[in-house]
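Engineer: What follows is a single structure, and I will ask about it in a moment.
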Amino acid sequence: MAEQLRRPWPRGMIGRLLDSDLFYSFSRSPVTVLAALVTAVMMGAAAFAPWVAPHTPFDLATLDLLDAFLPPAWMPDGDPRYLLGTDDQGRDVLSTIIYGARVSLLVGFAAVFLAMFLGVALGLVSGYMGGMVDAVIMRIADVQLSFPTILIALLIDGVARGLLPRDMHEEMAIYVLIFAIGISGWVQYARTVRGSTLVEKRKEYVQAAQVIGIRPWLIMLRHVLPNVMGPVLVIGTIHLAIAIITEATLSFLGVGVPATQPSLGTLIRIGNDFLFSGEWWITIFPGAALAILVLSVNLLGDWLRDALNPKLR
Amino acid sequence: MIGFVLRRLLQSILVMLTVALIAFGLFRYVGDPINNLVGQDTSAVEREQLREKLGLDDPFLVQFARFVKNAAKGDFGISYRHRRPVAELIVERLPATLELSIVAALIALLVGVPMGVYTGLHREGFLSRSFMTLSLVGVSLPTFLIGILLILLFGVVLRWLPTFGRGEVVALGWWTTGLLTVSGLKALIMPAITLALFQMTLIMRLVRAEMLEVLRTDYIKFARARGLSNRAIHFGHALKNTLVPVITITGLQLGSIIAFAIITESVFQWPGMGLLFIQAINEVDIPVMAAYLVMIALFFVVINLAVDLLYYLVDPRLRVDRDRATGHG
């Protein structure tokens with residue numbers, strides 16, 4: 001505390017952020033700072049992939065089959081142009097990882113937003129309306145919760161593939177994945193939001209709004225929603241890690257994004273075929289990137305959960 | 001009591017009917033079943049005859065009722081790809097998946113419980129901290145990645161264990177087992193460990209939390225005051241009381257082990273139901289997808305129902321809570 005008093009931060013948005021309890025607890029946890037740094041670097045690299053990646057791995061014109069199966073640069077036959085080696089088509093592994101992380105993160109974020117939107121909306125309605133609506137939504141949630149997420153995502157993915165004509169599978173794959181992972185994850189949000197909505201509903205400000213005749217959906221959106229969003233952000237962070245793993249798993253199983261626009265999971269599946277002939281780097285480096293990304297996001301989520309609300313377990 | 005059982009049973013039946021409806025919808029409306037059954041050179045008249053014979057022109061409800069009736073008898077039609085009855089394919093693959101899942105569950109229990117007890121008793125020890133850190137890393141590593149790492153280490157570098165398939169199997173009636181041959185057992189080691197790891201960390205954390213909870217209670221203090229040995233207290237009194245939730249969770253997790261077996265089977269090319277299902281999704285083999293869907297749902301519903309009913313019988317507190325809660329709703 002004394003330290004903070006001696007160094008008055010500048011006013012304004014950034015000043016308020018740096019002065020907050022949240023930032024204090026953040027700067028006191030070296031593991032969290034490291035996790036945030038790693039996450040930021042990976043997300044940054046993925047977002048600016050065309051400028052960051054040393055090669056453009058999906059431009060056929062720049063590929064040379066003579067460069068195929070080169071080991072990482074520090075090994076005997078390594079080529080300094082390809083830091084982490086090349087795959088069967090002579091693509092730079094580091095660049096495919098950066099582009100792959102881009103697809104993984106894109107699907108992960110989109111799926112989390114879809115699940116968040118659905119879950120918050122259903123949770124709000126369920127908690128605010130009560131009665132039959134509540135009973136039906138919560139029964140569906142119960143049933144869905146009794147099956148593992150990955151199984152539900154797999155089933156939705158399978159059904160969607162069945163519904164789409166075969167030649168559209170590849171171009172629609174990313175949307176199908178986002179849909180499948182998003183739908184499989186809404187329950188956590190809905191349950192939490194419903195719980196906090198039930199509490200907020202009984203407070204005076206909501207009753208006051210009801211008395212002056214504001215329409216229910218407006219009360220939900222404008223008055224209740226801002227007060228129930230805190231825990232949702234925590235669930236969102238942890239869900240991002242789960243969504244990334246789910247995407248990678250589906251892609252690894254061959255029912256996710258196709259090899260023409262691979263995610264980290266697809267890269268691992270492709271590399272898996274070369275494991276036995278000794279080209280381990282094609283699969284191990286994307287795997288390590290995936291593990292590091294998920295671990296960092298998980299650590300951030302754990303920290304955020306503890307820092308924002310000790311009650312939320 | 002009877003009211004609760006009936007309500008729970010009704011809910012289970014509803015879930016199964018919903019799943020059956022999805023499966024039926026898939027089967028009937030995704031693609032044309034006739035096109036998938038006959039060849040290119042079948043005439044339009046013959047197609048119509050087949051359509052009539054299979055009852056595809058009947059009203060929706062009649063067709064759905066027929067689907068449910070056949071499904072209850074285990075008849076899911078013929079696989080588009082394998083050209084064989086789906087029920088046959090599943091019976092063939094069932095032993096592989098069940099053996100893998102049960103062995104994995106046993107490993108998770110036999111390793112997870114001692115680890116949980118140890119970390120619960122020696123909270124600050126170096127070994128406990130390593131276990132806890134490892135379990136966090138274990139949760140962040142996707143199952144398939146663990147499988148690949150094991151294959152790389154024990155299959156490719158050290159060449160100790162086979163990396164795919166089930167090894168030699170012995171037939172006992174319709175059940176084929178890999179547990180009786182050396183190659184079968186060797187082939188089982190890596191898939192079973194891969195499948196067990198996640199559940200193992202779960203059980204370890206659960207046992208640890210329960211142990212910490214129980215060790216704070218009065219009866220443990222009294223046991224110490226009576227001068228009982230540490231061993232008698234820890235294992236005779238504390239551990240016993242932690243086991244009820246552990247057994248329940250393991251029971252519930254059996255379902256998810258079978259679901260996660262899809263991934264493990266895919267990594268190790270283990271010829272079980274999961275691999276069959278993944279191939280069916282890839283090739284849009286709808287009868288197989290529908291059958292797997294209904295079967296796994298049945299499995300989950302039965303396990304959940306059994307656990308709920310057992311809980312209700314075992315724990316009188318829950319009975320009061322439930323009755324009160326449902327009395328208001």
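Engineer: Residue by residue through B:278-284, how many Cβ atoms from other chains fall within 10 Å of the Cβ on average?
Structural biologist: Going residue by residue through B:278-284 and averaging, the value is 5.
Engineer: How far apart, in nm, are the 7 Å Cα→Cβ label points at B:Ile189 and A:Ile140?
Structural biologist: Going by the 7 Å Cα→Cβ label model, 4.9 nm.
Engineer: Another question about this same structure. If the cut-off is a Cα-Cα distance under 23 Å, which lysines reach B:Lys240, setting aside same-chain residues fewer than 8 apart in sequence?
Structural biologist: B:Lys240 reaches B:Lys221.
Engineer: How much length is gained on full extension from A:Glu171 to A:Asp88, taking 0.36 nm per residue of separation minus their Cα-Cα distance?
Structural biologist: Values: separation 83, 0.36 × 83 = 29.88 nm, distance 2.34 nm.
Once the chain is fully extended between A:Glu171 and A:Asp88, it gains 27.5 nm.
Engineer: With +1 assigned to the C-beta of every Lys and Arg and -1 to the C-beta of every Asp and Glu, and no other charges, what is the dipole magnitude of chain B about the Cα centre in debye, to the nearest 20?
Structural biologist: Taking the Cα centre of chain B as origin, the dipole is about 1420 debye.
Engineer: Would you calculate a helix-derived [θ] at 222 nm for chain A, using -39,500 (n - 2.57) for each DSSP H run of n ≥ 4 and dividing by the full residue count, to the nearest 500?
Structural biologist: So the calculated ellipticity at 222 nm is -22000 deg cm²/dmol.
Engineer: With r as the distance between the Cβ atoms of A:Leu65 and B:Val91 and R0 = 45 Å, compute the FRET efficiency 1/(1 + (r/R0)^6) and round to 0.05.
Structural biologist: E(calc), rounded to 0.05, equals 0.45.
Engineer: Enumerate the helices in chain B for which the Kyte-Doolittle hydropathy averages 1.0 or more and the C-alpha atoms extend at least 24 Å along the helix's axis, using complete DSSP H runs.
Structural biologist: What comes out of the filter, once short or polar helices are dropped, is B:2-29, B:86-121, B:182-215, B:240-268, B:286-314.
Engineer: Let me know the mean shielding of A:138-148 by other chains, meaning the per-residue number of their Cβ atoms within 10 Å of its Cβ.
Structural biologist: Mean number of neighbouring Cβ atoms from other chains: 4.
Engineer: Could I have the simple spin-label model distance between B:Leu172 and B:Glu48, label points 7 Å from Cα toward Cβ, reported in nm to one decimal?
Structural biologist: Using points 7 Å along Cα→Cβ, the separation is 5.5 nm.
Engineer: Per 0.36 nm of contour for each residue apart, how much would the distance between A:Trp74 and A:Leu308 grow if the chain were fully extended, relative to their Cα-Cα spacing?
Structural biologist: Residue separation times 0.36 nm, minus the Cα-Cα distance, leaves 79.8 nm.
Engineer: Further question on the same structure: Calculate the radius of gyration of the Cα atoms of the protein assembly as shown to one decimal place, then report Dmax, the largest Cα-Cα distance, as a whole number, both in Å.
Structural biologist: Taking only Cα atoms of the protein assembly as shown, I get Rg and Dmax of 27.2, 92 Å.
Engineer: Could you give P(r) for chain A, binned at 20 Å from zero, as whole percent values over all Cα-Cα pairs?
Structural biologist: 27, 49, 22, 2
Engineer: Just from its helices, what would the mean residue ellipticity at 222 nm be for chain B, if runs of 4 or more DSSP H residues each count -39500 (n - 2.57) and the sum is divided by every residue, rounded to the nearest 500 deg cm²/dmol?
Structural biologist: Details: 13 runs with 239 residues, N = 329.
Mean residue ellipticity at 222 nm (helix-derived): -24500 deg cm²/dmol.
Engineer: Quick check: net charge around B:Thr97, other residues with Cβ under 13 Å of its Cβ, Lys/Arg +1 and Asp/Glu -1?
Structural biologist: My count for the surroundings of B:Thr97 gives -1.
Engineer: Still on this structure, I have one more. Mind checking which lysines have their C-alpha under 25 Å from B:Lys73, skipping anything on the same chain fewer than 8 residues away?
Structural biologist: The reachable lysines, counting only those whose Cα sits under 25 Å from B:Lys73, are B:Lys53.
Engineer: Moving to a separate point now. Between B:Leu298 and B:Ala232, 0.36 nm times their residue separation minus their Cα-Cα distance comes to what?
Structural biologist: Full extension of this stretch gives 19.5 nm more.
Engineer: Give a quick list of trypsin sites (Lys or Arg not before Pro) in segment A:150-213 that DSSP marks as loop, anything other than H, G, I, E or B, with at most 10 other Cβ atoms within 10 Å.
Structural biologist: A:Arg202
Engineer: Moving on. So, with +1 on the Cβ of K and R and -1 on the Cβ of D and E, and no other charges, what is the size of the charge dipole of the protein assembly as shown about its Cα centre, to the nearest 20 debye?
Structural biologist: 2920
Engineer: With r defined as the distance between the Cβ atoms of A:Asn227 and B:Phe164 and R0 fixed at 51 Å, what FRET efficiency is calculated, to the nearest 0.05?
Structural biologist: The pair A:Asn227/B:Phe164 has a calculated efficiency of 0.40.
Engineer: Here's something else I'd like to know. How much FRET efficiency would the formula 1/(1 + (r/R0)^6) give for B:Phe60 and B:Thr18, where r is the Cβ-Cβ distance and R0 is 22 Å, rounded to 0.05?
Structural biologist: About 0.90, to the nearest 0.05.
Engineer: In nm, to one decimal, how far is the B:Leu180 label point from the A:Asp21 one, both placed 7 Å along Cα→Cβ?
Structural biologist: Rounded to a tenth, the inter-label distance reads 6.6 nm.
Engineer: Provide a whole-number value for the mean count of partner chain Cβ atoms within 10 Å of the Cβ atoms in peptide A:153-166.
Structural biologist: Across the residues of A:153-166, the mean count of other-chain Cβ atoms within 10 Å is 5.
No value in this document is a laboratory result; all are computed from the given coordinates. All values reported here derive from a predicted model rather than from experimental measurement. Ideal geometry is used to build each Cβ from the backbone, glycine not excepted, and the neighbour counts take in all protein chains shown.
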